[in-house]
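**Q** Before I ask anything, here is the structure I am working with.
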Amino acid sequence: APTAISPKTDDALITYLNRGQLYAIDLKEARPEQTDGNTMVTTTISITFHEKSHRQVANNYWKFWLSQQRSTDARAISIGKS
């Protein structure tokens with residue numbers, strides 16, 4: 001999915017996803033020449049729902065998504081309610 005244009009360069013990137021679509025997330029090292037192989041890299045991916053009614057049932061959406069995954073490694077780190 002295309003990434004939205006940020007008004008400021010230090011803002012987080014936002015990508016709007018369509019309901020019912022499947023999306024893959026691939027992470028790769030951007031600058032392998034700057035690491036020694038022992039570098040710890042942390043990545044945070046935040047998925048939120050635009051509509052209030054969807055935010056109220058986000059945990060149910062997450063449980064459904066999790067039940068569809070083949071990998072037992074898929075898990076929720078935390079689910080915040082805002």
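**Q** What are the ³J(HN,Hα) values, in whole Hz, obtained from phi via the Karplus relation 6.51 cos²θ - 1.76 cosθ + 1.60 with θ = phi - 60°, for each residue of the stretch 47-56 in sequence order, with x given for Gly and Pro?
**A** The phi angles translate into 10, 10, 9, 5, 7, 4, 4, 6, 4, 5 Hz.
**Q** How large is ³J(HN,Hα), in whole Hz, for each residue of the stretch 26-37 in order, when computed from phi with the Karplus curve 6.51 cos²θ - 1.76 cosθ + 1.60 and θ = phi - 60°, using x for Gly and Pro?
**A** The phi angles translate into 10, 10, 9, 6, 7, 9, x, 5, 9, 10, 9, x Hz.
**Q** Turning to a different aspect of this structure: State the extension gain, in nm to one decimal, for the chain segment bounded by I25 and I45, taking 0.36 nm per residue of separation less the distance between their alpha-carbons. The partial results should precede the final answer.
**A** Details: separation 20, 0.36 × 20 = 7.20 nm, distance 0.94 nm.
Stretched out fully, the I25 to I45 stretch lengthens by 6.3 nm.
Coordinate-derived values only; no laboratory data. Predicted model only: the values in this text are computed from it and were never measured.
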